[in-house]
1. Taking only the Cα atoms of region 5-94, how large is their convex hull per residue, in Å³?
2. So what is the accessible area of region 1-57 per residue, in Å², with the probe set to 1.4 Å?
3. Helix 97-120 sits at what angle to the longest principal axis of the chain, using alpha carbons and giving 0 to 90 degrees rounded to 10?
4. Could you work out what % of the accessible surface of region 1-120 is carbon and sulfur, using a 1.4 angstrom probe and leaving DNA, RNA and ligands out of the count?
5. How far, in degrees from 0 to 90, does helix 60-92 lean away from the longest principal axis of the Cα atoms of the chain, to the nearest 10?
6. Under the Karplus relation 6.51 cos²θ - 1.76 cosθ + 1.60, θ = phi - 60°, what is the ordered set of whole-Hz ³J(HN,Hα) values for region 18-25, x standing for Gly and Pro?
7. Which loop-located trypsin sites (Lys or Arg not before Pro) does region 40-73 contain, where loop means any DSSP state but H, G, I, E or B and the Cβ has at most 16 other Cβ atoms within 10 Å?
Amino acid sequence: MHLFLKKHALIFSALLLLSILGASPFLPSTVPALGIAMLLFSLAIAISSIFKKHKQAENPRPKIAKDILILVITLLLIIFLGGLAGIFANQYANPRFVSAIAASLAVGYLVKMGAGKLSNK
């Protein structure tokens, strides 16, 4: 299963993203469901990779729990801080929605880089 997910992850992600972009003007009520599907698919890939990484370990449960905890905390930080940055950017640059998206993505990237440096130590 893991090999199948890793092999076709890019195709599935691209199809989900294209379906979100294609459905948004015509069927806006389906966009949240497709977004949740994309988030769950990404989490499935990440958790599957964590399990495969610690498959040969002597006592894998604490290592798996630590990596999944780091993944969840990083994801929550990215969502929370990215949302705050998007709100503040949208407040100050009122008609420019793109600035809110850019600020949100920048904060998400910075949190990911910081969490990556912390988890490597």
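The values are calculated or read from the model by the stated rules, or taken from the named source; none is laboratory data. Computed from a predicted model, the values in this text were never measured in an experiment. All Cβ positions, glycine included, derive from the backbone under ideal geometry; neighbour counts span all protein chains shown. Protein only, heavy atoms only, side chains kept; ligands, DNA and RNA dropped before computing areas. Shrake-Rupley method; radii C 1.70, N 1.55, O 1.52, S 1.80 Å.
1. Output value, Cα hull per residue: 109 Å³.
2. Numbers: 4170 Å² over 57 residues.
For region 1-57, the solvent-accessible area averages 73 Å² per residue.
3. That helix lies at roughly 20 degrees to the long axis.
4. Reported share for carbon and sulfur atoms: 74 percent.
5. Roughly 10 degrees, rounded to the nearest 10.
6. Using θ = phi - 60°, the values come out as 5, 5, 5, 5, x, 7, 4, x Hz.
7. When the trypsin sites (Lys or Arg not before Pro) of region 40-73 are filtered for loop state and at most 16 Cβ neighbours within 10 Å, Lys55 remain.
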